[in-house]
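See structure below.
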Amino acid sequence: MKLLIALYFFILATIQLGLLLGVYHYHRSQSELRPNRYWMSSLMVNVIALLIFGGGILVIQTLERPEFNFTIANSLFYIAAIFQLLFCKSLNGPISKTLQYSFALSVIIFVSTFEFLRVYGNYEIRTALMCLIAIVFFTWQISMLRRKRRSAPSQQLMYLQYATAAELFFALGRLGVLATTTSTIRQIEQIPQLLILLTIAQLVINTLSYIALGGYWAEKVALENRKSKSENNDIKALLSERESLISKLLKANKTVATGALSASIAHELNQPLGASYLNIQFLQKKLAEGNLSTQQNQEVLSALLSDNERAANIIRSLRSIFSDGKIGVEPVGIGELIESVLQITNPEIQSKNIQVVLRLSSRSSVNANRGELQQVFLNLINNAVQALDACTVVPRALKIESCDVPGGIELMVVDNGPGIPAEIKSHLFELLAGSDKKSGMGLGLWLCQHIISRHGGRITYEHALGGGAQFTVFLPESSE
């Protein structure tokens, strides 16, 4: 009889231990969702209690005053029930410190009470006490499980609620059998068969309740994995949408950049073509009047050839800017270059009453593409002329200075016009930079920076002393 009852306890302890180890290893190897500490603690304590109780049955002499290990085992059963109760309570909200301390104090009271009953009581009183405690705990547990299921339906919690209800039924049955027992129970053989059956059934259902708790954790893991999979799909969709948007932006940027480059080419070619147009008109007028002299004819033809060469140089310059090939360079004197640019811009400078101040103290030359550098300084001077034409300052002054500096030559183009607005200054040299003039100055400055960078130099802007704009170009003494 003893061996059979002890075997039941050992079998149930083995099943619960397997469940405990299985959950622990699954959590360690795969899941990031930690099992609830209360039900894991309850399961671990309950396994120890089953082993101690089963071992105690093998060596027990009398039920009237059993060994102290029965106090230990029943105290552990009580602690396991408290942990399971705290798990159910945690489903509906955090566990307060007051409740934790209250249960800790109840453990001390239970151990003292059960030890007193072990020494001075009998089997019936001790068993009735355990049944009454189980009835209170199971009723409270069912109430909390029903409350949780109303707010968050769960099939595993439903199984746990049914298992708890079955445990409550068997606890009530044990209490009923004790109430109807007339003789005093002193030996295991005197325990009614129905009481043993109900006790074993309650322990089996208790094992099923732990399995339901494990199922609830597995259910949460599955929901978490499903949520993670859904979030991963959402992230993938967002990444795909981002790639699509980037692709569309790149296409749009390519279209806008192409338009900007077209506008830039038109801006650059506007000057030589406009000069050619004026010379052609002059030639037509003189031919119509019949008073075109040989000298005038030669001058006009020379100007047309010069303008045509300038247009060709601009096209070659723009083509080379976006090619991977090396640019053709030659020794270029800055003073000579500036004078050639002024010859082109002099008619417009004089028509706008602009005073030009030249301070070309540089005596060095740089290895550069003459046509590209000419285009840079032509842009800077034209921008200054347009800025001065748009303001009412008197006198209008354009100052061009060059000097030798360590490592190269520095050239400054300064005007006393309105200067560059602050909102444009931060992106002045960008390809699509805005401008306060309709001349396309932002495009010209982008080209200027591109050309100067290709020559290993740099171009900067700052406000001139006394007002106006100052562009400073640095070119190294030699550039590949």
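The values are calculated or read from the model by the stated rules, or taken from the named source; none is laboratory data. What you see is a predicted model, and the numbers here were worked out from it, not measured in a lab. Note that each Cβ is placed from the backbone with ideal geometry, even for glycine, and that neighbours are counted across all protein chains shown. Surface areas here come from the heavy atoms of the whole protein model, side chains and all, with no ligands, DNA or RNA. Shrake-Rupley method; radii C 1.70, N 1.55, O 1.52, S 1.80 Å.
Taking every residue in the range 93-108 that is within 21 Å of residue 145 (Cα to Cα) and pairing it with any residue that is charged (D, E, K, R) and assigned to a helix (DSSP H, G or I), at least 6 positions away or on another chain, the pairs with Cβ-Cβ distances below 7 Å are 95/89.
The condition of being among the polar types (S, T, N, Q) and either modelled with pLDDT under 90 or more than 56 Å from the chain's Cα centre (by Cα) (or both) does not hold for residue 143. Tell me, which residue of the range 354-405 that is hydroxyl-bearing (Ser, Thr, Tyr) and touching a residue at least 24 places away in the same chain (Cβ under 8 Å) is farthest from residue 457 (Cα to Cα)? Here the answer is 361.
Residues in the range 442-473 that are part of a strand (DSSP E or B) and either free of Cβ contacts under 8 Å to residues at least 12 places away in the same chain or not β-branched (Val, Ile, Thr) (or both): 458, 461, 462, 463, 469, 470, 471.
Quick grid of which residues meet (1) surrounded by 17 or more Cβ atoms within 10 Å (Cβ to Cβ); (2) within 24 Å of residue 419 (Cβ to Cβ):
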{"residue": "351", "(1), (2)": "no, yes"}
{"residue": "354", "(1), (2)": "yes, yes"}
{"residue": "358", "(1), (2)": "no, yes"}
{"residue": "362", "(1), (2)": "yes, no"}
{"residue": "376", "(1), (2)": "yes, yes"}
{"residue": "379", "(1), (2)": "yes, yes"}
{"residue": "387", "(1), (2)": "yes, yes"}
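Under the condition of being at pLDDT 85 or above, open to solvent by 40 Å² or more (accessible area, probe 1.4 Å) and among the charged types (D, E, K, R), the residues counted in the range 402-451 number 2. Of the candidates 283, 239, the single residue that is at pLDDT 75 or above, more than 15 Å from residue 371 (Cβ to Cβ) and surrounded by 11 or more Cβ atoms within 10 Å (Cβ to Cβ) is 283.
Counting just the residues of the range 358-408 that are of a type in the set (A, V, I, L, M, F, W, C) and under 18 Å from residue 329 (Cβ atoms), which one comes out nearest to the chain's Cα centre (by Cα)?
376
Quick check: is even one residue across the range 198-206 within 27 Å of residue 47 (Cα to Cα), surrounded by fewer than 14 Cβ atoms within 10 Å (Cβ to Cβ) and more than 57 Å from the chain's Cα centre (by Cα)? No: the range 198-206 contains no residue that is within 27 Å of residue 47 (Cα to Cα), surrounded by fewer than 14 Cβ atoms within 10 Å (Cβ to Cβ) and more than 57 Å from the chain's Cα centre (by Cα).
It is to be established whether one or more residues within the range 80-94 are touching a helix residue (DSSP H, G or I) at 6+ places or on another chain (Cβ under 7 Å), under 27 Å from residue 152 (Cα atoms), hydroxyl-bearing (Ser, Thr, Tyr) and open to solvent by 30 Å² or more (accessible area, probe 1.4 Å). Checking the range 80-94: at least one residue is touching a helix residue (DSSP H, G or I) at 6+ places or on another chain (Cβ under 7 Å), under 27 Å from residue 152 (Cα atoms), hydroxyl-bearing (Ser, Thr, Tyr) and open to solvent by 30 Å² or more (accessible area, probe 1.4 Å).
Say whether the condition of being closer than 19 Å to residue 141 by Cα, free of Cβ contacts under 8 Å to residues at least 60 places away in the same chain, open to solvent by less than 60 Å² (accessible area, probe 1.4 Å) and among the β-branched types (Val, Ile, Thr) is met by at least one residue in the range 50-67. So far as the range 50-67 goes, no, none of its residues is closer than 19 Å to residue 141 by Cα, free of Cβ contacts under 8 Å to residues at least 60 places away in the same chain, open to solvent by less than 60 Å² (accessible area, probe 1.4 Å) and among the β-branched types (Val, Ile, Thr).
Between 105, 175, which is in a helix (DSSP H, G or I) and open to solvent by less than 70 Å² (accessible area, probe 1.4 Å)? Going through 105, 175 in turn, the sole match is 175. So, in the range 146-164, of the ones that are of a type in the set (A, V, I, L, M) and surrounded by fewer than 16 Cβ atoms within 10 Å (Cβ to Cβ), which residue ends up modelled with the lowest pLDDT? Per the stated criteria, the residue is 152.
I'm trying to understand the selection: among the residues of the range 21-49, which are at pLDDT below 85, open to solvent by 20 Å² or more (accessible area, probe 1.4 Å) and among the aliphatic types (A, V, I, L, M)? Within the range 21-49, just 33 meets the criteria.
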